[in-house]
Amino acid sequence: MKTDLVIPFGEVGIKDVAMVGGKNASLGEMAKHLQPLGVNIPDGFATTAEAFRLFLKENNLVEKLNSLIHSLDKKEFKNLVSVSKEAKQLLLDATLSADLKSQIISHYNALCKKFNHELDVAVRSSATAEDLPTASFAGQHESYLNIRGVDAVLKSVQNCFASLYNARAIKYRIDNGFDHSKVALSAGIQLMVRSDKASSGVCFTIEPDSGFNNAIVITGCWGLGENIVQGAITPDEFHVFKPSIGKFKRAIISKKIGSKAKTLIYGLDGVGTINTDTPVEKQKQWTLIDSEIETIAKWALIIEEHYKMPMDVEWAKDGISGDLFIVQARPETVHSLKNPYVLKEYYLKQKGATLVSGNAVGTGITYGIARVLNSPADSDKLKKGEVLVTDITNPDWDPILKKAAAIITNKGGRTSHAAIVAREVGAIAIVGANGATNKIKDGDVVTVDNSQGKNGFVYSGKSDWEVKDLDFSKIKMPQTKPMLILADPDKAYKFSFYPNQGVGLMRLEFVINTAIRIHPMALVKFDELTEVSVKKEIEDLTYQYTDKKNYFIDKLSQAIGTIAAAFYPKDVIVRMSDFKTNEYANLLGGKQFEAEEENPMIGFRGASRYYNERYKEGFKLECEAMKVVRDEMGLTNVKLMIPFCRTVDEGKKVVSLMESYGLKRGENGLEIYVMAEIPSNVILAEEFAKVFDGFSIGSNDLTQLTLGIDRDSNIISDLFDENNKAVKWMIAHVINSAKLCGSKIGLCGQAPSDYPEFAEFLVAHGIDSISYNPDALLKGIENMNKAEIN
């Protein structure tokens, strides 16, 4: 009986890894089961493992290859490159059998006939031990793009066969305990998606740094996707909230534009590929429109649900037809195997000068001697525990990356090769750290800090830091709700694994200061701005927005949406903006709209701003952002809170104004809270309870206004004390009033974690929740548990 040396994708499935390798088995599985569900998979076929074994046998290569591998220095790997080169040459000098050639040609011609013209195809390697949940083999073997004609296809198939003996692939098999002689290579011949004329990228169905599994992370670049995989560019990045896909108007919770400085396209003669500079205007454009982002996310979710595990997916858009395709899917190999509730927490105590920053991959802090290397050929210069600094990495770097304490690259995004390998080997990395190879000198001692969220920093010298081992899985939760105080959306996924009952206070000020940077009224009245340089800076920041107001709404809604998604379905209480006039004035364009006050702490702040003509239209932008989060993203776990509301009538006025802006209390489950931070809030708590759904005690402001202390004054700072009898009387009174009215009440502040007796006092009075900064949460929970026992 004639052996099938070649088989169409549609005739293989995920159980056929031993026949066609992980990559091709997955493509067949999706073509067979997911294409009927609307997931576009490019057509194609694969050579079988049997074809590869016959190829070795017919060319008498088995013993020669075994002998070469046996000669490998498995301690220092000094002869790895030479062994690899000799082994690959054996395969390249061999001959494909007439039967294998015939079957490849027949299937290629049939594919061309189906589409009525000679096709461009991608020829990709797929090893029979590849894409397992415990090892990805990402980039170990070769892929060939833009291949046309039978001769070119046959040559590419043989090149794929030879790539089984790439130096990096040999080393990877040794590191992961695979027997070389039992691994075969299947070549997948797949219809080439013309993403050279459009875009392509990578998609994870789990957030790849934190392991948060309710977000799909999509990255995109212009042209062919190898630039993302190899880390040659910083891509666009999109986050999509899984529970909202297909159910709400908008499932995209965040978008971050990348520089995308290079575009990989077909060679000018139609053969091979070339990397070109991306025009500046195109760098500023998104690689996908929102509907395409949602389509890819929907397909990725279908793929994940089918495989029943987190997946690493590659997508491509055809620039001729405009169609999207999934071109590859493999199991995610890092966070899906980790316990997200056990981690180390790093606290930076002292640091040197900042040398460079970029995208943080992995969490932690380390230090070492920097080694600035130009290519893998310099690998002997890198000693174990040193910091590798280079332009970009590709799979040829893999054998040496395990030696590095940290990896820093000029280029790349969080789904680049360097990022993926760093996660696999347990190193931390900073990718897209523009100028790193110039700003960091070879031989310098540096500290690499990935403890601060999505941005990583490199400091000169050895910094001082503290490490704590945390195991959240064993923590006993108190009956009183422990909640978090958050401001930075970049840390939301990570903090979602902390023991908590939601977010008791999300501050908008951090987002407005760092992500938006512009005074809301400067966007509302952009055409009326008088300072030319300020207007130009705002124009540069908002270049994607014809209507400048949408810049504020987009940025704010994405920040809130990210935190709300991270903690969904738990409550996330968002406090509307509470800058003082001097703080608002520091925003771009702010000076034109802010008056100077003698004491901004008790001046034009909080609720009084919202209905005042000076800021009313700015408050409307805040409300518009909240509507996007709740109504379009479907994140109805977001509750809103009004700060510094001096009178009951003021509260009514703000609630009425919010209703006119489309945020009606009680509609779609909307709850509106008020900060209890002014003595009037306490004295008239029962009246405020008729206007609002609950209270959050702001102990800092309540303390300063009860004791008549300016908390910014260093002279009398020692008199500031939440444990003062007058302050505790105020807190006890407002808790009791809230209880009488059936209103929810919590407290945001440091005191319950610093002082066990303060936590006991709050619990004894029946407070519903206490919110902590993340670094104080565990101590706070400990104090709450003790208080409940007492």
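The values are calculated or read from the model by the stated rules, or taken from the named source; none is laboratory data. What you are looking at is a predicted structure, and each value in this text was computed from that prediction instead of being measured. Don't worry about glycine lacking a Cβ; one is built from the backbone with ideal geometry, like all the others, and counts go over all protein chains shown. SASA here: full protein model, heavy atoms, side chains in, ligands and nucleic acids out. Shrake-Rupley method; radii C 1.70, N 1.55, O 1.52, S 1.80 Å.
Highest mean packing first, where packing is the average number of other Cβ atoms within 10 Å per residue, the peptides 531-542, 204-215 line up as 204-215, 531-542. Ignoring lysines fewer than eight residues from LYS476 along the same chain, the ones with Cα atoms less than 17 angstrom from its Cα are LYS779, LYS786.
Do the alpha carbons of any pairs in LYS247/LYS627; LYS491/LYS591; LYS525/LYS690; LYS535/LYS627 sit beyond 26 Å of each other, and which pairs? Provide the component values of the computation, followed by the final result.
Working: LYS247/LYS627 16 Å; LYS491/LYS591 31 Å; LYS525/LYS690 36 Å; LYS535/LYS627 28 Å.
From the list (LYS247/LYS627; LYS491/LYS591; LYS525/LYS690; LYS535/LYS627), the Cα-Cα distance tops 26 Å for LYS491/LYS591; LYS525/LYS690; LYS535/LYS627.
Over 31 Å between Cα atoms, which of LYS32/LYS182; LYS113/LYS308; LYS351/LYS548; LYS282/LYS402; LYS344/LYS402 qualify?
Details: LYS32/LYS182 28 Å; LYS113/LYS308 36 Å; LYS351/LYS548 38 Å; LYS282/LYS402 37 Å; LYS344/LYS402 20 Å.
In this structure, LYS113/LYS308; LYS351/LYS548; LYS282/LYS402 lie more than 31 Å apart at Cα.
Only protein atoms count toward the accessible area here, which uses a 1.4 Å probe; on the stretch 475-531, the carbon and sulfur part of that area reaches 43 percent.
Order these peptides, 560-567, 370-377, by their mean beta-carbon neighbour count within 10 angstrom, highest first. Numbers along the way, then the final one.
Numbers: 560-567: 27.6, 370-377: 17.1.
Sorting 560-567, 370-377 by mean packing, highest first, produces 560-567, 370-377.
For an R0 of 25 angstrom, estimate the FRET efficiency from the Cβ-Cβ distance between ASP175 and ALA377 and round to the nearest 0.05. Walk me through the numbers on the way to the answer.
Numbers: r = 20 Å, r/R0 = 0.82.
Once the sixth-power term is evaluated, E becomes 0.75.
Taking K and R as +1 and D and E as -1, what net charge do the other residues with C-beta under 13 Å from the C-beta of ALA436 add up to? Computed value for this residue: +1.
Going out from 0 in 10 Å bins, what whole percent of all Cα-Cα distances in the chain drops into each bin? Binned Cα distances yield the sequence 3, 12, 20, 23, 18, 12, 7, 4, 1, 0.
Compute the relative contact order of the chain as a whole-number percentage, counting only Cα pairs closer than 8 Å that sit 6 or more residues apart in sequence.
Working: 1731 pairs, mean separation 70.8, N = 790.
Over the chain, the number comes to 9 percent.
Listed by chain and number, the aspartates and glutamates whose C-alpha is less than 15 Å from the C-alpha of LYS481, apart from same-chain residues fewer than 8 away, are ASP571, GLU760, ASP768, GLU782, GLU788. Each stretch of four or more DSSP H residues adds -39500 (n - 2.57); spread over every residue of the chain, this sum gives -9500 deg cm²/dmol at 222 nm.
Pull out the extension gain between LYS282 and GLU757, defined as 0.36 nm times the separation in residues minus the alpha carbon to alpha carbon distance; nm, one decimal. Numbers along the way, then the final one.
On the way: separation 475, 0.36 × 475 = 171.00 nm, distance 5.94 nm.
So the chain would gain 165.1 nm between LYS282 and GLU757.
Computed packing ranks the peptides 180-190, 445-455 as 180-190, 445-455, most packed first, by mean other Cβ atoms within 10 Å.
Cβ-Cβ distance of SER71 and PHE472, R₀ of 45 Å, FRET efficiency by 1/(1 + (r/R0)^6): the value works out to about 0.35.
Let a ≥ b ≥ c be the square roots of the eigenvalues of the Cα gyration tensor of the stretch 521-666; is it rounded (a/c under 1.5), or, if not, prolate (a/b larger than b/c) or oblate? Oblate.
Legend: distances between Cα atoms for LYS23/LYS75; LYS242/LYS262; LYS349/LYS468; pairs beyond 21 Å are LYS23/LYS75; LYS242/LYS262.
Using the 1.4 Å probe convention, the accessible area of the stretch 613-654 works out to 32 Å² per residue with neighbouring protein chains retained. Each of SER656 and ASN700 was given a label point 7 Å from its Cα along the Cα-to-Cβ line. The distance between the two points is 3.2 nm. For the stretch 230-282, what class follows from the C-alpha gyration tensor (a ≥ b ≥ c being the square roots of its eigenvalues): rounded when a/c is under 1.5, otherwise prolate if a/b is larger than b/c, else oblate? Because a/c hits 1.5 or more and a/b exceeds b/c, the stretch 230-282 counts as prolate.
Under the criterion of Cα pairs below 8 Å and six or more residues apart, the relative contact order for the stretch 396-492 equals 19 percent. Each label was represented as a point 7 Å from its Cα along the Cα-to-Cβ direction; for LYS349 and LYS101 these points are 7.1 nm apart.
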